[in-house]
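**Student:** Starting off with a structure, shown below.
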Amino acid sequence: MSYEVMVGNKAAATAVKLAKVQVASAFPITPQTTITQYLSEMYAAGEWDFDFVNVEGELTSQVVVQAASRTGARTFTCTSGPGLLYMHHPMVRTGGFRLPVVMAIVHRNTKGMQPDHSDLMSQQWTGWGHQYVEHAQEILDSLLMAYKVAEDPRIRIPIAVGYDGYVLSYTAEPVEIPAQEAVDEWLPPNKAIPSILPDEVDPSTFARGWGGGDPQMPWKTHHEAVMKIEDVLKDTMDSFEKTFGRRYGNGMIEPYKMDDAECAIIAMGTIAGTCKAAVDKMQAEGKKVGLIKLRSFIPFPVKDFQEWSKKLDGFAVVDRSICPGKGGPVFGKLRASLYDLEERPVTLQFHAGLGGKEVRVHDFEMIGDKILKAAKGGKVEQVTWV
Amino acid sequence: MIEIRLHGRGGQGAVTASRIIATAAYEEGKYSQAIPMYGTERRGAPLTAFVRIDDVRVRERELVHSPDISVVLDPLIAKEQAVVDQLKPGGLVLLNTAYAPEEVKLGGDFKVATVDATTIALETLGRPITNTAILGAFAKITGLLKVESIEKAIKKIFPGRLGDMNIAAIKRSYDEVKGPIQALVKDAPEQKVDIHVGGYGVLKDVSSWRVFTPEIDEEKCIGCKTCWIFCPETAIQWDEEKNKPWIRYEACKGCGVCANECPVDAIEMVRVEV
């Protein structure tokens, strides 16, 4: 185990090295670029035996790792914003083939350069697991866990781990680097080699052919596999803690100072860190509001939020992306999760950090005050643009 | 928590300086965070970076809005009141300038220290990259970090001879820094200049970006138009009557491409007097 003050993108490249990825392919795009630089340097220095495939665009990088993954290789790719949109088509195939590809998304919004979650949120239908992380240590740890989850024989599913560009990708902070031997033992080589036979020949295959059968079947099995990420991720978090001594809640959510809280702010990514500083301040002032950091958006932690609903009076949902005409994706999904409950906490929607707008500690204090007021029956507008 | 803001220009290494400070702080057992502010930053453009140092892991991710310490790596930016904007009362500003702290015109309730980091950098590194040349002064006047920790951090980031040269720069700035003294100007003068230039240079006044200014010797010039073709900012204009170039200095960021390309060495880069 060692330490280094490193930027978020180097934490990602370090995880790739520790996981002994066999095939990596990526096309540089700001703010992801330096991951490809670090990987190229590691390749040039011969730090471990892997192939780095230079490509002419993001679409091809996804196809390269898809093909490599079909042979059983452990693979990695990464992109940002518009690059991810360009990758959309082959991502659907990677998901459909149930290939355990792991990808880092360095968030960049789809209208400009600065970060929000609109890039990864636009890929909800590709059939990947979608995770959002807060700080550089969590990037490294989550990418290692992503391989363990993706390659689990119960699911075999690609995972995308997203973190905010600039504010995290280029911010340097102390990161603990686990020993290579410990990672080797915890994360043995990939054994999730998928069948590539047509499904008429091998029903266990996920490389569905064109030979008839029930056309809905691949969607059903795919959906069920993605839903199972929840159990596998929770198991993985337990075993990760046992080996490396760190954990992030149960993997799906990470509650922060929720013991005496009456209301929770729900946030994802770097702004959850800023929210922690705000929660510290508010609780010191006697305000009973905590944070539930959402780590897994797909699958959504429906059961966890239903459990928390029993103890809480209100949820303030902070969405860092919006589907125009439809609203904040986390807010919509949270409310759907609570529908079956007889008693539901108050829910408020906050739009914050879109287009890279800075979200400050005092913004979260305002959010905390609003949800506490709404939970006590006070009149508060339901939707706020922070 | 100590919050630091660094002002510099693209190419002076403000971002690297922020990482060296963060690494050195961690060497001393503290938690740290180094944040660059990213926009359309590039060589010559004013930019800002931030550092937080604390005894516990730093959680917040907002930019630093009210720093305890402001460090200015550029002598022209060091003249702008904006570098002490929002500085905490009683804070500290370290300027790269040849002037003594008593001569500094910035006003308000803060302490001032100065060091001629550009000269130190030119003499030790051969280039006006002032980031390491100011860190020795930083260690001495803030007392936040030991100069040994900064040297250790530099060796991690610049191994080999480059590291030794940078350490030489640090040692000189440690010895040569003047101050800190309480700022002599009590009332903050009106802040006239926004040091951040958005967008690209063609339509903006970027004259303050220059460390060196190109000067054309019309006697030597043969009118070949090479400089006119190569200028990346279209700062070189053509006088059709004389068949000679002239420089639109507000658009010139002092990159030196023209002087480098001139086949008869008719353009000389002259260090800007500050």
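The values are calculated or read from the model by the stated rules, or taken from the named source; none is laboratory data. Because the structure is predicted, anything quoted here is derived from the model rather than measured. FYI the Cβ positions are ideal-geometry reconstructions off the backbone, even for glycines, and counts take in every protein chain you see.
**Student:** Scanning segment A:170-196 for residues that are touching a Phe, Trp or Tyr at 6+ places or on another chain (Cβ under 7 Å) and assigned to a loop (DSSP other than H, G, I, E, B), which turns out farthest from A:Gly8 (Cα to Cα)?
**Tutor:** Of everything passing the filter in segment A:170-196, A:Pro194 is farthest from A:Gly8 (Cα to Cα).
Residue-wise test of (1) within 11 Å of chain A (Cβ to nearest Cβ); (2) in contact with a helix residue (DSSP H, G or I) (Cβ under 6 Å, 6 or more places away or on another chain).
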{"position": "B:Leu6", "(1), (2)": "no, yes"}
{"position": "B:Ala25", "(1), (2)": "yes, no"}
{"position": "B:Thr48", "(1), (2)": "no, no"}
{"position": "B:Arg52", "(1), (2)": "yes, no"}
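**Student:** Condition test on B:Glu60, is it touching a residue at least 60 places away in the same chain (Cβ under 8 Å), within 11 Å of chain A (Cβ to nearest Cβ) and of a type in the set (Asp, Glu)?
**Tutor:** It is false that B:Glu60 is touching a residue at least 60 places away in the same chain (Cβ under 8 Å), within 11 Å of chain A (Cβ to nearest Cβ) and of a type in the set (Asp, Glu).
**Student:** Between a first residue in segment A:1-14 that is more than 13 Å from chain B (Cβ to nearest Cβ) and a second residue that is among the aromatic types (Phe, Trp, Tyr), which pairs have beta carbons less than 7 Å apart while being 6 or more apart in sequence or on different chains?
**Tutor:** Filtered contacts from segment A:1-14: A:Ala13/A:Tyr38.
**Student:** Taking B:Asn96, is it without any contact (Cβ under 8 Å) to a residue 40 or more places away in the chain and either in the same structural domain as B:Gly10 (by TED's automatic domain parsing) or surrounded by fewer than 23 Cβ atoms within 10 Å (Cβ to Cβ) (or both)?
**Tutor:** So B:Asn96 passes the test.
**Student:** Another question, then. So which residues in segment A:258-280 are within 14 Å of chain B (Cβ to nearest Cβ) and either in contact with a Pro (Cβ under 9 Å, 6 or more places away or on another chain) or under 22 Å from A:Leu233 (Cα atoms) (or both)?
**Tutor:** Within segment A:258-280, A:Ala267, A:Met268, A:Gly269, A:Thr270, A:Ala272, A:Gly273 meet the criteria.
**Student:** Mind telling me which of the residues A:Ala179, A:Ala192 ends up being of a type outside the set (S, T, N, Q), more than 20 Å from the chain's Cα centre (by Cα) and modelled with pLDDT under 95?
**Tutor:** It is A:Ala192.
For every residue, the table says whether it meets (1) in a strand (DSSP E or B); (2) on the phi > 0 side of the Ramachandran plot; (3) more than 13 Å from the chain's Cα centre (by Cα).
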| position | (1), (2), (3) |
| --- | --- |
| A:Pro90 | no, no, yes |
| A:Thr94 | no, no, yes |
| A:Ile105 | yes, no, no |
| A:Thr110 | no, no, yes |
| A:Met113 | no, no, yes |
| A:Asp119 | no, no, no |
| A:Gln137 | no, no, yes |
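**Student:** Next up: Does B:Glu80 meet the test of being among the charged types (D, E, K, R) and within 14 Å of chain A (Cβ to nearest Cβ)?
**Tutor:** no
**Student:** Criterion first (within 14 Å of another protein chain (Cβ to nearest Cβ), farther than 26 Å from A:Ile298 by Cβ and modelled with pLDDT of 95 or more) does A:Gln283 satisfy it?
**Tutor:** yes
**Student:** Any chance you could count how many residues in segment A:344-385 are under 18 Å from A:Gln114 (Cβ atoms) and away from chain B (no Cβ under 14 Å)?
**Tutor:** 3
**Student:** Can you find a residue in segment A:97-111 that is more than 12 Å from chain B (Cβ to nearest Cβ), of a type in the set (Ser, Thr, Tyr) and surrounded by fewer than 24 Cβ atoms within 10 Å (Cβ to Cβ)?
**Tutor:** yes
**Student:** Hey, another quick one. Can you work out which of the residues in segment A:289-311 that are crowded, with 19+ Cβ neighbours inside 10 Å and farther than 27 Å from A:Val226 by Cβ is farthest from the other protein chains (Cβ to nearest Cβ)?
**Tutor:** The residue in question is A:Val289.
**Student:** Restrict the check to segment B:218-234 and report whether at least one residue is aliphatic (A, V, I, L, M), under 15 Å from B:Ala266 (Cβ atoms) and surrounded by 13 or more Cβ atoms within 10 Å (Cβ to Cβ).
**Tutor:** No; the residues of segment B:218-234 include none that is aliphatic (A, V, I, L, M), under 15 Å from B:Ala266 (Cβ atoms) and surrounded by 13 or more Cβ atoms within 10 Å (Cβ to Cβ).
**Student:** Turning to a different aspect of this structure: Check B:Asp194, B:Asp187 and return the single one that is over 16 Å from B:Ile247 (Cα atoms), modelled with pLDDT of 75 or more and either part of a loop (DSSP other than H, G, I, E, B) or not assigned by TED's automatic domain parsing to the domain that holds B:Glu241 (or both).
**Tutor:** B:Asp187
**Student:** Look at A:Gly325 and say whether it is farther than 14 Å from A:Ile266 by Cα and more than 14 Å from chain B (Cβ to nearest Cβ).
**Tutor:** Considered against the rule, which asks whether it is farther than 14 Å from A:Ile266 by Cα and more than 14 Å from chain B (Cβ to nearest Cβ), A:Gly325 comes out as yes.
Yes or no, residue by residue, for (1) under 28 Å from A:Met227 (Cβ atoms); (2) surrounded by fewer than 24 Cβ atoms within 10 Å (Cβ to Cβ):
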{"residue": "A:Gln32", "(1), (2)": "no, no"}
{"residue": "A:Tyr38", "(1), (2)": "no, yes"}
{"residue": "A:Glu41", "(1), (2)": "no, yes"}
{"residue": "A:Glu47", "(1), (2)": "no, yes"}
{"residue": "A:Gln62", "(1), (2)": "yes, no"}
{"residue": "A:Phe76", "(1), (2)": "yes, no"}
{"residue": "A:Met87", "(1), (2)": "yes, no"}
{"residue": "A:Gln131", "(1), (2)": "yes, no"}
{"residue": "A:Tyr147", "(1), (2)": "yes, no"}
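**Student:** Need pairs with beta-carbon distance below 7 Å; first residue in the same structural domain as A:Phe76 (by TED's automatic domain parsing) and within segment A:41-63, second charged (D, E, K, R); sequence gap 6+ or separate chains.
**Tutor:** A:Met42/A:Lys17; A:Glu47/A:Lys17; A:Trp48/A:Lys17; A:Trp48/A:Lys20
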